[in-house]
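Asks: Let me begin by handing over the structure; questions about it come next.
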Amino acid sequence: MSAIPMTVAGAKRLKEELHRLKHVERPDVINAIAEARAQGDLSENAEYDAARERQAFVEGRIIELDGTLSNAQVIDPKELDAEGKVVFGATVDIEDLTSSARVTYQIVGDIEADIRQNLISISSPVARALIGKVAGDVVEVNAPSGVIEYEILDVRYI
């Protein structure tokens, strides 16, 4: 498997989730299975079935997170010599030149992308257009609705 780019904050979130799954969720599921077994006949025991399904989900997620973190290439944009350029992990303020709408995005890895938190994937069209540019540059993004022009207002490394 190839390296998975990830920000420091993204790696921290995944490590916290993994810790919670291993030390809170897994023991809770084991207890739920034990309690359901104590109720007797397992063939018609809905609590047992639900606990086993939850266990399968938790164990699967633990395996997924272990794999992701073992292949993670954690990148701290503060340590890069980017000279004001948009790079992986940078936080970028942009303005849509048509609507004058302003938005701030942080460019992150595919796994940690969450548009609700303004975390956009490095492989997204907007991020690909921004990479390597500096404040004051205008970029064109090919969107389903057509070409959108953005001006880069500021680039920060948080």
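The numbers here are math on the coordinates, done by the rules we state, and not lab data. Everything quoted here is computed from the prediction, not taken from an experiment. Because the Cβ atoms are built from the backbone with ideal geometry, glycine has one as well, and the counts that use them run over all protein chains shown.
Asks: Can you tell me how many residues in the range 123-156 are among the hydroxyl-bearing types (Ser, Thr, Tyr) and touching a Phe, Trp or Tyr at 6+ places or on another chain (Cβ under 6 Å)?
Replies: 0
Asks: Going by the conditions given, is Ala135 within 24 Å of the chain's Cα centre (by Cα) and either small (Gly, Ala, Ser) or farther than 25 Å from Asn71 by Cβ (or both)?
Replies: No: the conditions fail for Ala135.
Asks: Out of all the residues in the range 63-74, is one or more of a type in the set (A, V, I, L, M, F, W, C), in a helix (DSSP H, G or I) and buried (at least 18 other Cβ atoms within 10 Å of the Cβ)?
Replies: Yes: one or more hits.
Asks: Before we move on, is Glu47 surrounded by 12 or more Cβ atoms within 10 Å (Cβ to Cβ), out of contact with any strand residue (DSSP E or B) (no Cβ under 9 Å at 6 or more places or on another chain) and not basic (Lys, Arg)?
Replies: Answer is yes for this residue.
Asks: A further question follows. Among the residues of the range 120-138, count how many are without any contact (Cβ under 8 Å) to a residue 40 or more places away in the chain and either β-branched (Val, Ile, Thr) or assigned to a strand (DSSP E or B) (or both).
Replies: Residues flagged as without any contact (Cβ under 8 Å) to a residue 40 or more places away in the chain and either β-branched (Val, Ile, Thr) or assigned to a strand (DSSP E or B) (or both) within the range 120-138 amount to 3.
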